[in-house]
1. Counting only the backbone N, which residues of region 1-24 are under 16 Å from the spot 7 Å out from the Cα of Leu66 toward its beta-carbon?
2. Nearest 10 degrees, 0 to 90: what angle lies between the long axis of helix 294-303 and the longest principal axis of the chain (Cα atoms)?
3. Identify the trypsin sites (Lys or Arg not before Pro) of region 280-346 meeting these criteria: DSSP loop state and at most 15 other C-beta atoms within 10 Å of the C-beta.
4. Let me spell out the model: positive unit charges on the Cβ of Lys and Arg, negative unit charges on the Cβ of Asp and Glu, origin at the Cα centre of the chain. What dipole size does that give, in debye rounded to 20?
5. Filter Lys143/Lys319; Lys143/Lys208; Lys38/Lys130; Lys120/Lys319; Lys143/Lys221 down to the pairs with a C-alpha to C-alpha distance above 21 Å, please.
6. Expressed as a rounded percentage, what relative contact order does region 86-347 have, with Cα pairs under 8 Å and six or more residues apart?
7. Please state, as a whole number in µm²/s, the translational diffusion coefficient that the Stokes-Einstein equation yields for region 261-344 at 10 °C and 1.306 mPa s, with Rh defined as the Kirkwood radius across alpha carbon pairs.
8. Tally Lys/Arg at +1 and Asp/Glu at -1 over every other residue whose Cβ is under 13 Å from the Cβ of Met178; what's the total?
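Here, each number is a calculation from the coordinates, and none is a lab measurement. As the structure is a prediction and not an experimental result, all values here were calculated from the model. Cβ placement follows ideal geometry from the backbone for every residue including glycine, while neighbour counts extend to all protein chains displayed.
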Amino acid sequence: MIITINNEASSEARAELMELLCRITGSKLPITTTIMQKREVVALDSGMIDAQAERALREQSAVEGLHNPKTAYQLASKAFQAERTSIVIGNVHGGNPVTIGGEHANPVIMAGPCAVEDRKQLMETALAVKNAGAQVLRGGAFKPRTSPYQFQGLGIEGLHLLAEARELTGLPVITEVMEPEMVEAVAQHADILQIGTRNAQNFPLLLKAARNSKRLPVLLKRGLAMTIDEWLLAAEYILAAGNPNVILCERGIRSYDPQTRNVLDLTVVPLLHQLTHLPVVIDPSHSTGRRELVPTMSRAGIASEADGLIIESHPDPDKALCDGRQSVRPETLERIVLEAQMITNMIRGEVSVA
Ligand code: PEP
Ligand code: MN
């Protein structure tokens, strides 16, 4: 059950409502509200609200309305919010802000190396990403590697280099945070907090990322074998913790065929647009694991109406310390950006296909 709070409510009426909500939920902590589309809302398990509690809520002058989306995820649901969420990225640390999601926004291309390796590599890549026309720089400072013997990232030094690359290019940066204790350190430098596939159901991390002090958006990758409902419920953790700015990222799911690293489930794009208002981006790099497949799957992602792409790019992919096999060269990235714009224009009917 979602309760919309009346913006005009007096502070006494609001306090009375909060007290009632604490009684209904049995919570001793203050109730967390979320601002979505300028409305302040709070979601509760509808199982907690019997007829008497519902009546008591309806009598509160601070309650504007009650909504029951009837799905396990509530704030994320399209049944609750029909308009697509648009999120401004990069308005905190001085980069050039970009909007992702919403009804008519251009797709946002995020690109950069899998891992920040050193200053030269990152600055060179950042300039190339900018010249290619992408709007956000990606780069991992903390890397979740399958083997403990593989390069684990530069850590804090990588964050400083990302901030320097933003200063150089104006591109907002996205980087992964792997543990709750590091959320604040990462938020000091990042414009988007990335939660990786291996951590997609790390609930303490989701909550901490949601509550980051810079109010940064969170990009939530789909877990390796996550159902769509599980993914939306992970997003719901972030929304219910007070952060309305969640971007969903499909990065391929685990299957049985080793030919590709994962299976890119493009069906999720139109499906998620029906189920949720949150922006959806496609990662053609981790989903395929092969750089020669990235341009085609990028086109397919945009054609399926994704709100953006996140692509690994490296000036010398064969020498990359991480994921070089799936990293495209900057020239390829430039073509992907151009094609994304052409496909978007075509979908909008701005160019004829005849
Ligand atoms: C990455 O973006 O480099 C990454 C580790 O992604 P994923 O969590 O999707 O594997
Ligand atoms: Mn990678």
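1. Output list for this probe position: 1-6, 17-24.
2. Compared with the principal axis, the helix lies near 40 degrees.
3. Arg290
4. So the dipole magnitude of the chain works out to roughly 360 debye.
5. Result: Lys38/Lys130 exceed 21 Å.
6. Once normalised by length, the contact order is 20 percent.
7. Here the translational diffusion coefficient equals 122 µm²/s.
8. Computed value for this residue: +2.
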